[in-house]
Amino acid sequence: MKFLIILICVTANYFWKHDYDRIKDTWFYSLRQGIDKITSNLGSPDSIAWLIGLLAIFLIPMAGLFAILVLVENWLFGLVILFVHVLILLMAFDRIHPGSLAQGYLLLWREGDIEGSFRYLEQELSCTTMRLPTELTGLHGTFCKLYVYRCFEKMFVMFFWYMLAGPLGVMCAYVCYQQRDGDMRPQRSKEIDIITLLIEILEWAPMRLFGLTLSLAGDFESCFDWLRNTWLRSDIATNQTVYEYSMCALGLEPLRKSGHKIDTTEESEIKSFREKGALEVYALQALMERNQLI
């Protein structure tokens, strides 16, 4: 049944309308706010209240999902539980279609709106690690890296853990990413450390499988060589590694020098670079779709 459900989700992901969002995540944030209010009254910031809250945010959704799965197991010859599996996977997917995410960026990119493109990265891809760039190469390289990682974490990781642990595995990964992307204030350093460690564990095997499937979806020799050289390395961030795999699969240089600048006095060179960048985004989008199928 898992292969059928994945096929349904891949098909839904491919044909999903680009102009409206997926399933909302408001239920999760409401649950977390409620848990935060309860645990904030349990003791001082130095107590284990934060750990109780963290356990609750994992256990409550997973326990609720487990109860639903047991309850509807035999309803309508298994059709209801199939629907629940599909719903959980679609909920874990990105709230914005990858094609829509790329198109929104390309509209600003083709217009040469550097500031608008940067704001787009901040709003849609949660880019908070770079300042407003003054040149095109660094901006475009950052988008490509974040775009590939977004597809990796929101789809590939979810498929992997669904195959391994079913809907409960998907829910665990979903909660980890939602916790990371939520209000992780500095005073929650212990919670941040635990979530970061859990995500590293969740992504270790999928990241390497991602490189292997990209080898089959693109330039096999280049990508597989890069995968072999980085197989056991732990000093590279996951978003950087999956970006390098993707560039190799497209037959491009994986270690792009973001400091390289385009001569802003040459309009023809800028236009050529923008067009080349747009083609690269289209190629990455097609690569991610082929990778899902593999």
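The values are calculated or read from the model by the stated rules, or taken from the named source; none is laboratory data. Note that the structure is a prediction, hence the values are computed from the model and not measured. Glycine also receives a Cβ, built like all others from the backbone with ideal geometry; neighbour counts cover every protein chain displayed.
Within region 87-103, work out how many residues are under 14 Å from Phe15 (Cβ atoms) and of a type outside the set (S, T, N, Q). Number satisfying all stated conditions: 5. The set of residues in region 201-218 being surrounded by 15 or more Cβ atoms within 10 Å (Cβ to Cβ) and among the aromatic types (Phe, Trp, Tyr) consists of Phe210 alone.
The number of residues in region 113-142 being exposed (fewer than 14 other Cβ atoms within 10 Å of the Cβ), among the polar types (S, T, N, Q) and either within 19 Å of Asp181 (Cα to Cα) or modelled with pLDDT of 80 or more (or both) comes to 4.
Conditions (1) part of a helix (DSSP H, G or I); (2) of a type in the set (S, T, N, Q); (3) modelled with pLDDT under 80, marked per residue:
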position: Ile195; (1), (2), (3): yes, no, no
position: Glu221; (1), (2), (3): yes, no, no
position: Phe224; (1), (2), (3): yes, no, no
position: Ser234; (1), (2), (3): no, yes, yes
position: Val242; (1), (2), (3): yes, no, no
position: Tyr245; (1), (2), (3): yes, no, no
position: Glu253; (1), (2), (3): no, no, yes
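Which residues, counting only those in region 18-43, are over 19 Å from the mean Cα position of the chain (by Cα) and either modelled with pLDDT under 75 or on the phi > 0 side of the Ramachandran plot (or both)? Spell out the reasoning first.
Start the filter on region 18-43 by keeping residues that are over 19 Å from the mean Cα position of the chain (by Cα), which leaves 19, 27, 30-43.
Passing the criteria: Asp19, Ser40, Asn41, Leu42, Gly43.
The test for being among the aliphatic types (A, V, I, L, M) and over 18 Å from the mean Cα position of the chain (by Cα) holds for Ala249. Here region 44-78 is the region considered, the condition is being of a type in the set (Gly, Ala, Ser) and either within 23 Å of the chain's Cα centre (by Cα) or at negative phi (or both), and the residue that is modelled with the lowest pLDDT is Ser44. In this structure, does Leu214 turn out to be assigned to a helix (DSSP H, G or I), modelled with pLDDT of 85 or more, of a type in the set (A, V, I, L, M) and in contact with a Ser or Thr (Cβ under 7 Å, 6 or more places away or on another chain)? Answer is yes for this residue. If you go through region 167-183 and keep only what is touching a residue at least 40 places away in the same chain (Cβ under 8 Å) and assigned to a loop (DSSP other than H, G, I, E, B), you end up with just Gly182. Filtering region 80-112 to residues that are modelled with pLDDT under 80, in a helix (DSSP H, G or I) and surrounded by 19 or more Cβ atoms within 10 Å (Cβ to Cβ) leaves only Pro98.
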